[in-house]
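First comes the structure, then the notes that go with it.
The values are calculated or read from the model by the stated rules, or taken from the named source; none is laboratory data. Quick caveat, the model's predicted, so the values are computed rather than measured. Note: ideal-geometry Cβ built from the backbone for every residue, glycine included; neighbour counts use all protein chains shown.
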Amino acid sequence: MSQTDYIYFADCEIDVAGFSLRRDGEVCELEPQVLELLLFLVRNPDRLLTKDDLIQHVWHGRIVSDTTITSRIKSARQAIGDDGTQQKLIRTVHGRGVRFIAAVRTARPGPAAVASEVLARASEAAADISSKRNGPAIAVLPFANLGSDDDQDYFADGVTEDIITDLSRFRELRVVARDSCFQYRTPGADLQQVGRALNADYVVTGSIRRRGGKLRLSAQLTQTDSGNQVWAERFDRGAEDVFAMADELVRTIVATLVGRVRQAGSALARRKPPANLAAYECVLRGQAAQGQIGDSAQEAAARRFFEQALALDPDYPRAHAGLAVVLLCEWFRRADPAEALLEAALEHAERSVAIDPEDYQCQEALGWILLHCKQFDLSEQHYRRVIELNPNSPAELAAMGAACSFLGRPDEGIQWFELARRIDPYFDASWYWNLLGAAYFNARRYDDAIKALEHIANAANWVKAYAAASCALAGRADCARRIAKSLASEAPHFYAEAILRKEPYRNPADLEHLAEGFRQAGLLTETKPCEIAAEAARYYLTGRSPFIHGARGKPTFRASS
């Protein structure tokens with residue numbers, strides 16, 4: 001069945017693409033894994049499914065107890081109006097397994113219906129964006145570090161990012177993306193000019209001074225049309241109270257701009273702060289190191305900082321999410337399946353969401369890792385949850401676009417990418433263009449792919465490989481050969497086969513399409529498994545996601561290095 005299918009049985013309907021269950025027309029709330037189990041059952045009607053079958057296809061080979069399996073089957077029965085006594089839909093064959101015995105019917109919408117559904121979703125999103133533009137637009141510029149230690153810049157940046165994230169939760173505000181705001185670091189900038197450049201009605205500026213256990217945060221809100229300062233606040237607290245200060249600052253901004261203090265309080269309560277400041281600092285340092293994939297010392301530092309954060313606060317969700325992404329990077333470049341690494345990454349990502357299901361970064365990390373675990377329906381479920389939690393963020397909209405492309409719907413993915421730029425026309429992260437180009441390639445729009453992939457100077461070598469494949473399949477053989485020759489000269493350890501080995505395409509035809517492009521470009525010459533050294537990992541990892549994009553969107557890769 002394709003992911004656009006609908007599956008009908010009894011009084012139930014499963015929308016496979018939407019990963020949802022309806023009973024008597026009403027949406028049923030149930031755990032994603034229970035729906036994954038139910039999908040496996042209904043896709044194999046009247047077939048005896050053993051415990052090993054369930055472990056292999058639902059738990060993907062992970063060891064689980066009989067109690068866990070029985071519990072999930074019970075939940076699946078309850079969701080569809082069945083129970084262990086009647087067993088009218090799911091029947092247990094004692095000592096053997098289970099069988100789905102209800103009549104099953106599937107329906108696949110035609111191309112016109114699918115296109116209409118995608119267009120409706122895009123139109124709804126566009127209307128939502130238009131409504132946001134009716135509210136005030138705000139940009140938060142990087143807070144200045146006034147301390148004597150330049151090494152504390154990461155701390156000021158981290159607090160600024162948290163303020164941007166919290167403001168983004170409010171649909172009444174349009175919040176300019178982090179990468180756009182962080183272009184303006186120079187103190188004393190003309191805020192009216194900055195406002196015009198960022199299309200922002202208000203600009204927040206500020207500074208942080210840290211001295212011993214004391215912290216002073218100063219912030220100003222300026223109206224860009226007039227240049228008038230609306231208010232200025234100074235917060236003097238203990239360093240451990242940085243989260244309370246950030247929350248109070250966001251409340252003041254929201255109250256000033258939309259007058260909704262009560263809503264501010266409820267939304268801010270979603271964020272779970274760490275137990276102590278030291279854990280928070282470790283996560284900020286880990287995230288900074290994570291942006292330097294390809295530098296073995298920085299990779300080791302990223303893992304060390306996230307592990308230190310968890311030693312200080314075992315229930316810090318973003319520390320689990322960060323460590324999960326680091327482990328995924330280690331898995332990605334291994335020549336062998338390295339299932340233990342992937343399993344560890346998944347466990348940390350799942351743990352992060354279990355601790356704080358309202359943190360969009362945790363949801364996105366889990367979605368990204370599930371994509372590589374080939375748990376495609378679950379992955380999409382988490383990506384959609386990310387959009388619900390942070391609908392104003394162009395980075396998250398673009399990440400959804402990349403996910404849709406890997407899931408076999410590149411045309412829908414391209415619309416998500418376009419929506420990201422409509423929300424923030426200045427959003428220009430390098431990974432955005434890289435993954436947009438990959439989506440164009442997957443949509444067989446080779447000329448558009450080449451244009452996007454060439455947007456960033458000094459592109460990562462995996463990006464050049466996609467560009468070569470695009471040129472080859474577009475009939476531009478000379479261009480493809482030139483790129484292939486350049487790769488052979490500048491990156492002798494680069495192997496296109498390493499990309500094919502773990503690129504998370506759902507449809508085998510899409511992966512074969514990429515392989516054919518590599519073959520025609522003359523890149524697919526090495527077929528034996530190859531280990532990828534940490535220094536060479538930039539070939540495959542730089543610019544691949546919002547988590548790993550070379551200093552948060554700034555092109556740091558140099559093909560000649």
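To keep it simple, each residue is scored yes or no on (1) out of contact with any helix residue (DSSP H, G or I) (no Cβ under 7 Å at 6 or more places or on another chain); (2) buried (at least 21 other Cβ atoms within 10 Å of the Cβ); (3) modelled with pLDDT of 85 or more; (4) not hydroxyl-bearing (Ser, Thr, Tyr).
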| site | (1), (2), (3), (4) |
| --- | --- |
| Ser352 | no, yes, yes, no |
| Glu364 | no, yes, yes, yes |
| His372 | no, no, yes, yes |
| Phe376 | yes, no, yes, yes |
| Ser379 | no, yes, yes, no |
| Arg385 | no, no, yes, yes |
| Glu388 | yes, no, no, yes |
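Residues of the range 465-483 being more than 11 Å from Asp447 (Cβ to Cβ) and within 26 Å of the chain's Cα centre (by Cα), which ones?
Ala465, Tyr466, Ala467, Ala469
If you check Arg444 against the conditions, is it surrounded by fewer than 17 Cβ atoms within 10 Å (Cβ to Cβ) and either over 30 Å from Ala200 (Cβ atoms) or in contact (Cβ under 8 Å) with a residue 12 or more places away in the chain (or both)? For Arg444, the condition - surrounded by fewer than 17 Cβ atoms within 10 Å (Cβ to Cβ) and either over 30 Å from Ala200 (Cβ atoms) or in contact (Cβ under 8 Å) with a residue 12 or more places away in the chain (or both) - is met. Restricting the search to helices (runs of 4 or more DSSP H) fully inside the range 328-419 and requiring at least 3 residues that are outside the structural domain of Arg303 (by TED's automatic domain parsing) and on the phi < 0 side of the Ramachandran plot gives 394-406.
Is it the case, given these coordinates, that Arg234 is among the basic types (Lys, Arg) and part of a strand (DSSP E or B)? Criteria met by Arg234. Any idea which of Ala488, Ala465, Ala472, Ala480 is in contact (Cβ under 8 Å) with a residue 40 or more places away in the chain, more than 21 Å from Ala402 (Cα to Cα), in contact with a Phe, Trp or Tyr (Cβ under 9 Å, 6 or more places away or on another chain) and part of a helix (DSSP H, G or I)? After applying the criteria, what remains is Ala472.
Looking for whichever is in a loop (DSSP other than H, G, I, E, B), modelled with pLDDT of 80 or more and not hydrophobic (A, V, I, L, M, F, W, C) here; the options are Ser226, Ser218, Ser207. Which one fits? Only one candidate passes the filter, namely Ser226. Among the criteria (1) among the hydrophobic types (A, V, I, L, M, F, W, C); (2) in a helix (DSSP H, G or I); (3) farther than 20 Å from Pro394 by Cβ, the one Phe494 does not fulfil is (2). Residue under question is Thr165, and the condition is that it be part of a loop (DSSP other than H, G, I, E, B) and either of a type in the set (Ser, Thr, Tyr) or at pLDDT below 55 (or both); does it hold? No: the conditions fail for Thr165. Tell me yes or no: at least one residue of the range 168-190 is touching an Asp or Glu at 6+ places or on another chain (Cβ under 7 Å), modelled with pLDDT of 85 or more, of a type outside the set (Lys, Arg) and farther than 24 Å from Trp431 by Cα. No; the residues of the range 168-190 include none that is touching an Asp or Glu at 6+ places or on another chain (Cβ under 7 Å), modelled with pLDDT of 85 or more, of a type outside the set (Lys, Arg) and farther than 24 Å from Trp431 by Cα.
When Pro337, Pro314 are checked against the criterion of being out of contact with any helix residue (DSSP H, G or I) (no Cβ under 8 Å at 6 or more places or on another chain), farther than 30 Å from Gly213 by Cα and of a type outside the set (Lys, Arg), a single residue qualifies: Pro337.
When Ala438 is tested against (1) under 17 Å from Leu370 (Cβ atoms); (2) buried (at least 23 other Cβ atoms within 10 Å of the Cβ), only condition (1) is not met.
Taking the range 335-359 as the search range and keeping residues that are more than 20 Å from Arg62 (Cα to Cα) and touching a residue at least 40 places away in the same chain (Cβ under 8 Å), which one is nearest to the chain's Cα centre (by Cα)?
Asp359
Which ones in the range 478-505 are surrounded by fewer than 18 Cβ atoms within 10 Å (Cβ to Cβ) and either in the same structural domain as Trp331 (by TED's automatic domain parsing) or more than 30 Å from Ser379 (Cα to Cα) (or both)? If the condition is that a residue be surrounded by fewer than 18 Cβ atoms within 10 Å (Cβ to Cβ) and either in the same structural domain as Trp331 (by TED's automatic domain parsing) or more than 30 Å from Ser379 (Cα to Cα) (or both), then Asp478, Cys479, Arg481, Arg482, Lys485, Ser486, Ala488, Ser489, Glu490, Pro492, His493 are the ones that fit. Among the residues of the range 281-309, those that are of a type in the set (A, V, I, L, M), in contact (Cβ under 8 Å) with a residue 24 or more places away in the chain and part of a helix (DSSP H, G or I) comprise Val283, Leu284, Ala288, Ala302, Ala309. Pairing residues of the range 10-39 that are at positive phi and of a type in the set (A, V, I, L, M) with residues that are assigned to a loop (DSSP other than H, G, I, E, B) and surrounded by fewer than 16 Cβ atoms within 10 Å (Cβ to Cβ), at Cβ distances under 9 Å and at least 6 apart in sequence or on separate chains, gives Ala10/Gly81; Ala10/Lys88; Ala10/Ala103.
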